[in-house]
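The values are calculated or read from the model by the stated rules, or taken from the named source; none is laboratory data. What you see is a predicted model; the values in this text were computed from it and never measured. Cβ placement follows ideal geometry from the backbone for every residue including glycine, while neighbour counts extend to all protein chains displayed.
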Amino acid sequence: MKILVINGPNLNMLGTREPGIYGNETYENLMDTAEGAAYAVGAEIEFFQSNHEGDLVDRIQQAYFDGTDGIVINPGAYTHTSIAILDALKAVAIPAVEVHISDVSKREDFRQISYVRQACIATVMGHGIQGYGEAVKLLKDHLEEQGE
Ligand code: DQA
């Protein structure tokens, strides 16, 4: 089972970026957390981060061809704006879980829309970088139910 973790703009700045909202842990800590969760469930894991919408779309499309079984995605601010990322997730039809480090439901009005959510089997928000570990487990359970 191969899981791809995609992070959008500014998530490479974790640890430095608005620590009051996103905490002190870094992108490396995030990768370690997700990797630990993948190891625990016996899944292979790969990471991709980009600040560019088209690159995120390209990587989702590539997932269709490289044997990815499940996607964990935090599109960052593109969550609230990108129909292109939603369409890419729908196009590849690979089970995906949406993750947000902060609890976006308790933040500004402009963060209340998530386009990608429509293409995701679940959303994990407000659990910090641990949310990535939870997303890996959710995907593993889902894929097992599907018999993959
Ligand atoms: C975020 C929430 C988004 O609203 C924001 O634009 C981000 C990070 C989160 O992980 O909490 O960049 O996706």
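Just checking, which of Gly70, Gly36, Gly76 is crowded, with 17+ Cβ neighbours inside 10 Å, under 13 Å from Tyr132 (Cβ atoms) and at pLDDT 95 or above?
Result: Gly70 is the single residue among Gly70, Gly36, Gly76 that is crowded, with 17+ Cβ neighbours inside 10 Å, under 13 Å from Tyr132 (Cβ atoms) and at pLDDT 95 or above.
Please count how many residues of segment 59-83 are of a type in the set (Gly, Ala, Ser) and away from the ligand (no atom under 16 Å from the Cβ).
3
For segment 122-133, does any single residue satisfy the condition of being within 12 Å of the chain's Cα centre (by Cα), surrounded by 14 or more Cβ atoms within 10 Å (Cβ to Cβ) and within 9 Å of the ligand (Cβ to nearest atom)?
Yes, the conditions are met somewhere in segment 122-133.
Report, by residue number, each residue of segment 119-140 that is touching a Lys or Arg at 6+ places or on another chain (Cβ under 8 Å) and not in a loop (DSSP other than H, G, I, E, B).
Of everything in segment 119-140, those that are touching a Lys or Arg at 6+ places or on another chain (Cβ under 8 Å) and not in a loop (DSSP other than H, G, I, E, B) turn out to be Ala119, Thr123.
Taking the residues in segment 104-120 that are crowded, with 16+ Cβ neighbours inside 10 Å and aliphatic (A, V, I, L, M) as candidates, determine which candidate is farthest from Ile6 (Cα to Cα).
The qualifying residue farthest from Ile6 (Cα to Cα) is Val104.
Helices (runs of 4 or more DSSP H) wholly in segment 1-88 with at least 2 residues that are among the hydroxyl-bearing types (Ser, Thr, Tyr) and touching a residue at least 12 places away in the same chain (Cβ under 8 Å) - which ones?
27-41
Across segment 99-119, which residue is farthest from Met31 (Cα to Cα) among those that are of a type in the set (D, E, K, R) and more than 9 Å from the ligand (Cβ to nearest atom)?
Top of the filtered list is Asp109.
Filter segment 89-109 down to residues that are part of a strand (DSSP E or B) and touching a residue at least 60 places away in the same chain (Cβ under 8 Å), then give me how many there are.
0
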